[in-house]
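To start, the structure itself, in structure tokens.
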Amino acid sequence: GGGGGAAMADGEGLVSVDYEVHGKVQGVFFRKYTQGEAKRLGLVGWVQNTSHGTVQGQIQGPTARVRELQEWLKKIGSPQSRISRAEFSNEKKIQALEHKEFQILK
């Protein structure tokens, strides 16, 4: 314990958050677009289809960038998708990224 002041500004800390997106989000390249948007923002994590017709995953990265992807997941998505709602859970501050990249899981 103990130690000097942290070098990183509080606003640029890293966060991890789980998400699940409901609506017409399977068969519309939703995972591919989510991966592309995450990479553009410099985020890591994963995305996958669930057996009950939703898309779920985890996002990790700087807080501000994670918020941008959350907005994208709520309102935009892929061109053919119809998002009814996006739910976020298990948000927590992390010391280091737990993923190397943003992956599409089968």
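Return the carbon/sulfur percentage of the accessible area of region 21-104, one whole number, probe 1.4 Å, all protein chains in place. Answer for region 21-104: carbon and sulfur cover 47 percent of the accessible area. The alpha carbon centroids of region 22-38 and region 72-89 are separated by 8 Å. Across region 21-104, the mean sequence separation of Cα contacts (distance under 8 Å, 6 or more residues apart), normalised by length, yields a relative contact order of 45 percent. Measuring against 23 Å, Cα to Cα, the residue pairs Lys24/Lys93; Lys39/Lys75; Lys32/Lys75 contain Lys24/Lys93 as the ones spanning a longer distance.
The gain in end-to-end length when the Lys92 to His52 segment is fully stretched comes to 11.8 nm, 0.36 nm per residue minus the alpha carbon separation.
Evaluate E = 1/(1 + (r/R0)^6) for Arg40 and Gln80, where r is the Cβ-Cβ distance and R0 equals 22 Å; express this FRET efficiency to the nearest 0.05.
That pair, Arg40 with Gln80, gives E of 0.70.
Annotation: amide H of Phe102 within the under-5 Å range of Gly45, sequence separation 5 or more or interchain, hydrogens built in the peptide plane.
The average projected area of region 25-89, computed from the convex hull of its Cα atoms over all directions, is 4.0 nm². Relative to the dominant Cα principal axis of the chain, helix 63-75 is inclined by about 10°. Under 10 Å, Cα contacts only: if you run a Gaussian network model on the chain, which one of Ser78, Ser89, Ser16 comes out with the highest mean-square fluctuation? Result for the chain, Cα springs under 10 Å: Ser89 fluctuates most. The long axis of helix 30-41 is offset from the longest Cα principal axis of the chain by roughly 30 degrees. Using the rule -39500 (n - 2.57) for each DSSP H run of four or more residues, divided by the residues of the chain, the 222 nm mean residue ellipticity is -7500 deg cm²/dmol.
The values are calculated or read from the model by the stated rules, or taken from the named source; none is laboratory data. Because the structure is a prediction, the values reported are computed rather than measured. Cβ atoms come from the backbone with ideal geometry, glycine included; neighbour counts cover every protein chain shown. Just the protein is used for accessible areas: all its heavy atoms, side chains included, with ligands, DNA and RNA removed. Shrake-Rupley method; radii C 1.70, N 1.55, O 1.52, S 1.80 Å.
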